[in-house]
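Asks: Here it is, the structure in full.
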C-alpha cells in the first residue's frame, strides 16, 4: 500500500461523515448518455473510497451491476458498512490495474480521485475494460474557496504545513487528457451549488483531506484544529458559512 493509500485509510470514518455527495443533475446526464447505447450492464467506480459516489451510481443505474474498486482496506471496510442493504460489490483494485475482463464494462467512473492516479495508465486501463461505445466519467466536487474571505489564510496554512502541497494540485486539463487518450465525444458539464456548514463540520471536512492530514502529521491535530478554528472565527464569526462548490462531470466514449 502506498503512503497516500495509508493516509486515506487513516481517514476513512471522517471521510465518510464529512464528504458531500455529487449533484443529481450530473448523474441524470450520465444516465441519459449511457442509455443511448447497448452496453454491458457493469459500472465500475475506481478509487471508490467509502462508496459515496458508488452508492449514487447504484441508484442511478439500479439494473446494472455496480463494482467499487479501492486499494485501501479501511476505506473498503467503511464502504461495505455504509452500503449495507445494497447490491454493490466492493473489491481491492486500482485505477491502473483493474481486476476485470477486457471489454466487460459499460461505464467506468472516478469521483474525486483522479489526482491520485497515474493518468495515462488509468485512461489506458479504462479503454481496456470498457466495451465499444462505453463511457468513462470523471466527477469532481471542487470547493470554490477563492470566493470566501478565508481562502488565502486556508491555502497559505496548507502550503506552509503540508509538505509538497500546492493550491493548484488538481488543475488538470481533463478534457484534453481524455481526447489525447483516444476517447471521443469528450464533454464537460458543471453545476454550481452551496453547502451550508458549521465551523465544526468544515473542520471535519478539512481533516478528511490527505493534504490536511499531512499538516496534522507535521504540527499535530490539536494545533491544526486550533488554527482552523481561529481563521474561521476571524472570517466567519457567526459560526456558520456556505461553501461554494463547482461540481464537474467529464465524459468520453470508448
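Asks: Let me understand segment 41-109 better: what is its radius of gyration from the alpha carbons, and its Dmax, in angstrom?
Replies: Looking at segment 41-109, its Cα Rg and Dmax stand at 10.9, 30 Å.
Asks: Treat each spin label as a single point 7 Å out from the Cα along the C-beta direction, and report the residue 221 to residue 185 distance in nm.
Replies: Taking the two extended label points, one gets 4.7 nm.
Asks: I would also like to ask the following. Only helical DSSP H runs with n ≥ 4 go in: add -39500 (n - 2.57) per run for the chain, normalise by residue count and round the 222 nm mean residue ellipticity to 500 deg cm²/dmol.
Replies: -12500 deg cm²/dmol
Asks: Using the beta-carbon distance between residue 103 and residue 169 and R0 = 30 Å, what value does 1/(1 + (r/R0)^6) give for FRET efficiency, to the nearest 0.05?
Replies: 0.35
Asks: Here's another thing I want to ask about it. Taking all pairs of distinct Cα atoms, average 1/r, flip it, and tell me the Kirkwood hydrodynamic radius of segment 74-193 in Å to one decimal place.
Replies: Hydrodynamic radius (Kirkwood, Cα only) of segment 74-193 equals 16.9 Å.
Asks: Could I get the Rg over Rh figure for segment 182-246? Both from C-alpha atoms, Rh via Kirkwood, rounded to two places.
Replies: 1.17
Asks: While we're here: Any chance you could give the angle, 0 to 90 degrees and rounded to 10, that helix 119-129 forms with the longest Cα principal axis of the chain?
Replies: Helix 119-129 sits roughly 30 degrees off the main axis of the chain.
Asks: For residue 86 and residue 234, what does the FRET efficiency come to when R0 = 35 Å and r is the distance between their Cβ atoms, rounded to the nearest 0.05?
Replies: Rounded to the nearest 0.05, the efficiency is 0.25.
Asks: Relative to the first principal axis of the alpha-carbon coordinates of the chain, what is the inclination of helix 210-219, with its axis defined by its Cα atoms, in degrees from 0 to 90 and to the nearest 10?
Replies: Taking the Cα atoms of the chain, the angle to 210-219 is about 30 degrees.
Asks: For the chain, find the longest principal axis of its Cα atoms and tell me its angle to the long axis of helix 24-34, 0 to 90°, nearest 10.
Replies: Tilt relative to the chain: about 20 degrees.
Asks: OK, next. Between segment 187-219 and segment 87-141, what is the C-alpha centre distance in whole Å?
Replies: 24 Å
Asks: Say each of residue 246 and residue 63 gets a label point 7 Å from the Cα, pointing the same way as Cα to Cβ; how far apart are those two points in nm?
Replies: In this crude label model, residue 246 to residue 63 measures out at 3.7 nm.
Asks: How large is Rg/Rh for the chain, to two decimals, with Cα atoms and a Kirkwood Rh?
Replies: Answer for the chain: 0.97.
Asks: Got a sec? How would 185, 96, 177 order by Cβ neighbour count within 10 Å, fewest to most?
Replies: 185, 96, 177
Asks: So if R0 is 25 Å, what FRET efficiency would residue 35 and residue 193 give, r being the distance between their Cβ atoms, rounded to the nearest 0.05?
Replies: Between residue 35 and residue 193 the formula returns 0.50.
Coordinate-derived values only; no laboratory data. Computed from a predicted model, the values in this text were never measured in an experiment. Cβ sites come from the backbone with ideal geometry, for glycine too, and all protein chains shown count toward neighbours.
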